[in-house]
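Scroll down for the structure; my scribbles are underneath it.
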Amino acid sequence: MMEQPKIAVVTGSNRGLGYAIARKLGHQQDIRVIITSRREAEGLAAKEQLVAEGIQADYHTLDVTDAQSIQQLANWLRQTYGKVDILVNNAGVNSSGHVEEASLLTAQMETVLSTFTTNVLAVIQLCQALIPFMKQQNYGRIVNVSTEMASLSLMSEDSYPIVPSYRISKVGLNAVTAILAKELQETNVLINAYSPGWLKTDMGGADAPFTAEEGAETALYLATLPDGGPQGKFFAEMRRFGMPVQLLW
Ligand SMILES: NC(=O)c1ccc[n+]([C@@H]2O[C@H](COP(=O)([O-])OP(=O)(O)OC[C@H]3O[C@@H](n4cnc5c(N)ncnc54)[C@H](OP(=O)(O)O)[C@@H]3O)[C@@H](O)[C@H]2O)c1
């Protein structure tokens with residue numbers, strides 16, 4: 001009897017890094033990838049592109065900031081597949097477009113809050129909705145897409161832009177990773193965060209040195225960790241070192 005494929009949900013997978021991660025996961029024979037996006041037409045188009053490549057893909061709408069939308073996705077997963085094995089929390093916003101983000105002293109509270117809502121609160125809600133599936137089946141891999149600009153140890157480096165709302169939000173995402181890892185330590189649900197590096201996407205811009213495909217490599221590694229693999233760690237992008245290397249929190 002054919003084994004059921006693993007079900008992998010990637011948030012914000014209509015474009016950019018999320019699409020590249022979904023594509024990489026989908027190229028694994030034993031993974032069926034679920035494209036999600038807040039705008040249906042864009043997500044469906046992304047799914048069709050993957051299906052045209054021979055990838056097993058499905059689609060469901062998801063606005064990560066909408067609790068009802070998260071619940072609808074969870075219900076649909078339960079009804080359609082009865083499980084979820086992999087969650088990649090990729091959807092994110094960057095506050096760098098706001099001039100006030102050049103300093104924490106001028107940052108607008110609206111921007112701090114909206115960035116936090118998408119990059120942190122949404123991840124907490126998604127984990128609350130989907131980790132129960134993983135605990136039930138005693139298998140799960142969660143990948144949180146962070147950034148090395150959120151490393152507290154590197155916060156005073158001159159090479160990074162200030163962008164306080166974005167960096168504070170990703171520090172929050174790293175904390176979510178560490179707290180959940182502690183809670184999940186007796187289970188086979190592994191949660192880790194990684195920094196994909198500076199990528200040529202709408203967020204990263206054309207001057208970035210790496211492609212979204214290159215940024216997706218470490219996500220594939222963390223999403224397919226063997227049992228007993230790392231738990232609650234923060235990884236650098238693998239291509240820089242040719243192997244998984246941990247970043248300082
Ligand atoms: N690019 C880089 O250099 C870089 C570096 C480090 C970390 N990252 C992280 O990598 C992740 C992906 O970034 P990217 O470069 O691919 O950015 P991007 O090109 O701007 O794509 C962001 C994705 O997130 C989705 N998204 C935003 N808010 C959403 C919401 N409320 N509900 C559902 N989806 C939502 C977007 O959907 P829409 O199309 O609907 O807007 C889009 O699919 C982010 O978490 C980012 O912080 C990126």
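FYI, it's all coordinate maths here, none of it is from the lab. Everything quoted here is computed from the prediction, not taken from an experiment. For neighbour counting, all protein chains shown are included, and Cβ atoms are generated from backbone atoms with ideal geometry for every residue, glycine included.
Ordering 201, 19, 164 by Cα displacement along the dipole of the chain toward the positive end leaves 19 in first place; charges were set at the Cβ atoms of Lys, Arg (+1) and Asp, Glu (-1). For region 40-188, the relative contact order comes to 27 percent (Cα pairs under 8 Å, sequence separation of at least 6). Just checking the listed ones, 160, 139, 221: in the Gaussian network model of the chain with Cα springs under 10 Å, the one fluctuating most is 160. Restriction of the trypsin sites (Lys or Arg not before Pro) in region 13-109 to DSSP coil positions whose beta-carbon has at most 15 other beta-carbons within 10 angstrom yields 39.
If the cut-off is a Cα-Cα distance under 18 Å, which aspartates and glutamates reach residue 182, setting aside same-chain residues fewer than 8 apart in sequence? Result set, ordered by chain and number: 227. Once the Cα atoms are used to define both axes, helix 164-183 deviates from the longest principal axis of the chain by about 40 degrees. Hey, what angle do you get for helix 16-26 against the long axis of the chain, alpha-carbon based, 0 to 90 degrees rounded to 10? Once rounded, one gets 30 degrees. At full extension, residue 158 and residue 138 could sit 2.9 nm farther apart than now, given 0.36 nm per residue minus the alpha carbon distance. For region 1-109, the relative contact order comes to 28 percent (Cα pairs under 8 Å, sequence separation of at least 6). Cα centroids of region 27-64 and region 215-241: 22 Å apart.
Sites count as exposed loop sites when they are GluC sites (Glu not before Pro), lie in a DSSP loop, and have at most 11 other Cβ atoms within 10 angstrom; the longest stretch of the chain without one is 54-156.
Run the numbers on the chain and let me know its relative contact order in percent, using alpha-carbon pairs under 8 Å that are six or more apart.
Contact order relative to length: 18 percent.
Against the longest principal axis of the chain, how steep is helix 122-137, in degrees 0 to 90 to the nearest 10, with axes from Cα atoms? Once rounded, one gets 30 degrees.
For residue 27 and residue 41, the difference between the fully extended length at 0.36 nm per residue and the C-alpha to C-alpha distance is 2.8 nm.
Partners of residue 6 within straight-line reach, counting lysines whose Cα lies under 22 Å from its Cα and excluding those fewer than 8 residues away in the same chain: 24, 47, 83, 135.
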